[in-house]
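Before any comments, here is the structure.
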Amino acid sequence: MPWDRNQMAARAAEELQDGWYVNLGIGIPTLVANYVGDKDITLQSENGMLGMGPFPFEGDEDPDLINAGKQTITELKRTAYFDSATSFGMIRGGKIAAAILGAMEVAENGDLANWMIPGKLVKGMGGAMDLVAGVGRVIVVMDHTNKHGESKVLKSCTLPLTGKGVVDRIITNLGVLDVVEGGLRIVECAEGVTEAELRAATEATIV
Amino acid sequence: MKKVYGSAQEALDGLLFDGMFIAAGGFGLCGIPELLLAAIKDAGTKDLTFASNNAGVDDFGIGILLQTRQVKKMISSYVGENAEFMRQYLSGELELEFNPQGTLAERMRAGGCGIPGFYTKTGVGTVIADGKEHKDFNGQTYILEHGIFADLSIVKAWKADETGNLVFRKTARNFNPPAAMCGKVCVVEVEEIVPTGSLDPDTIHLPGIYVHRIIQGQHEKRIEQRTTRKRETV
């Protein structure tokens, strides 16, 4: 059985090291916060907050306190607020240890596409281009294939890029791959997924 | 110099003209200058260019100016929550310049600090870099981005004193300080104007030098994505 969303998030949480400041993207990456356990991890929300807390209890929502996905959230004892220029200053300046992001496509050279489908979907890159260019380590969490069963782990991206050569590690429902010289290296397969199955679902070169 | 005005309409008097460039604070619907945007709608100023991270939703924020076709161009990082925006953009009625969010924030900050350009790694190797100067520093490639110099800044803060010193609240600060800095004139709406001397000088987020006109008003402060968790029953 491939990993489900929560198992992917739990696997991604293993990537985080004690003391890290981390930015989590929208979707499955948001779930990673549920699995950090005892590790001392400070979550950044790029709209201007370090020390992001969980969703508020019903009735405690504050319109002045949201995350980058525009969801109501809460603060923690360690929380600090700042403006958007300061927020992206710490991202661009390499102070954020890692970003965990979703993706539409990832290529074997580390190229990432997750912001635009030409002619179809116009949403914008938000802070994704700044994050992948600035943070210490970029970890992608996504389904290995699209809804048509085609690989999202490609030789080269077909969609407009978010960043060139920026991805360090890919965690999918089928396993974990690292971007290395010449292609991707299998780090592990999801429980019950064979290496042959992982290779068959991957268009990119596996070295 | 008197900075406190009676209404959004009064505070914008003499500042609006067709084809102008406005920098607006806010992230999503959080910390947006909702009263000033409503007053710009009423004023009917046309062909506006906005530097604003988002474009509001269909019936709130900059979205209300899209409905009335007052906006010619948006400089934004994310416009995913606005169906009318997408319709106007895809049909070619509205110009859109996507800026990475951090690039947009820094463009505003830089403009406000008198910095006409800066180099960043953000967007290298993407469509964002097309046509921009590339330059290598210490073996890494960067692109040149330009500071934003707007005709007008419209901003929302939590509190102001009568000299325009501002305090923001939680994540409603977001783009408001950099947006405030990059305009020739900055108009601020706040929830409360307090007497000068009642704010602790050490806790002021943006000094009044950047602020020219202030109004106090009632804010709707709409929530875009209300997310909660259940109280645990003990």
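The numbers here are math on the coordinates, done by the rules we state, and not lab data. Keep in mind that what you see is a predicted model, and the values were worked out from it rather than measured. As a convention, Cβ positions derive from the backbone with ideal geometry for all residues, glycine included, and neighbour counts pool all protein chains shown.
For the range B:1-101, the residue among B:78, B:40, B:66 whose Cα projects farthest onto the positive side of the dipole built from Cβ charges is B:40.
Annotation: amide H of residue A:96 within the under-5 Å range of A:136, sequence separation 5 or more or interchain, hydrogens built in the peptide plane.
The distance between label points at residue A:197 and residue A:80 comes to 4.6 nm (points 7 Å beyond Cα on the Cα→Cβ vector). With both residues required to sit in the protein assembly as shown, DSSP beta bridges show an antiparallel share near 40%.
Coupling constants for the range B:61-72 follow from the phi torsions by the Karplus curve (6.51 cos²θ - 1.76 cosθ + 1.60, θ = phi - 60°), and in residue order they are x, 4, x, 5, 7, 6, 4, 8, 6, 8, 9, 9 Hz; glycine and proline get x. Taking amide H as placed 1.01 Å from N in the peptide plane, the amide H of residue B:185 sits under 5 Å from that of B:152, B:153, each at least 5 places away or on another chain. For the range B:127-234, a/c is not less than 1.5, where a ≥ b ≥ c are the root eigenvalues of the C-alpha gyration tensor, and a/b does not top b/c. That puts it in the oblate class. Cross-linked pairs B:159/B:184; A:123/B:41; A:147/B:132; A:152/B:73; B:135/B:221: Cα-Cα separations exceed 32 Å for A:147/B:132; A:152/B:73; B:135/B:221.
If R0 is taken as 45 Å, the Cβ-Cβ distance between residue A:148 and residue B:132 corresponds to a FRET efficiency of 0.80. Assign one of three labels to the range B:143-185, namely rounded, prolate or oblate, based on the Cα gyration tensor with a ≥ b ≥ c the square roots of its eigenvalues; rounded applies when a/c is under 1.5, prolate when it is not and a/b is larger than b/c, and oblate otherwise. Taking the square roots of the gyration eigenvalues as a ≥ b ≥ c, the range B:143-185 is oblate. Taking square-rooted eigenvalues a ≥ b ≥ c of the alpha carbon gyration tensor, is chain B rounded, prolate or oblate, where a/c under 1.5 means rounded and, failing that, a/b exceeding b/c means prolate? Because its axes are fairly even, with a/c under 1.5, chain B counts as rounded.
If you run the Gaussian network model on chain B, springs between alpha carbon atoms under 10 Å, then out of B:104, B:66, B:199 the most flexible one is B:199.
Separation of the range A:189-207 from the range A:133-154 is 14 Å, based on Cα centroids. Exposure proxy shown here: for A:81, A:21, the number of other Cβ atoms within 10 Å sets the order, fewest to most, as A:21, A:81. The calculated FRET efficiency for residue B:162 paired with residue A:4, based on their beta-carbon distance and R0 = 56 Å, is about 0.45. Label sites at residue A:123 and residue A:156, each approximated as a point 7 angstrom past Cα along Cα to Cβ, lie 2.6 nm apart. In sequence order, the range B:157-164 has phi-based couplings of 10, 7, 10, 9, 8, 5, 8, x Hz under the Karplus curve 6.51 cos²θ - 1.76 cosθ + 1.60, θ = phi - 60°, and Gly or Pro positions carry x. So who's got an amide H within less than 5 Å of the one on residue A:46, skipping anything under 5 residues away but keeping other chains? H placed 1.01 Å off N, in plane. For residue A:46, the qualifying residues are A:68. For GluC sites (Glu not before Pro), the sites in the range A:5-94 that DSSP calls loop and that have at most 14 other Cβ atoms within 10 Å are A:14, A:58.
Ignoring aspartates and glutamates fewer than eight residues from residue B:2 along the same chain, the ones with Cα atoms less than 16 angstrom from its Cα are B:10, B:13, B:161, B:162, B:189. Of all DSSP bridge pairs formed entirely within chain A, close to 55 percent run antiparallel. Partner shielding of A:193-202 amounts to 0, given as the average count of beta-carbon atoms from other chains within 10 Å of each residue beta-carbon.
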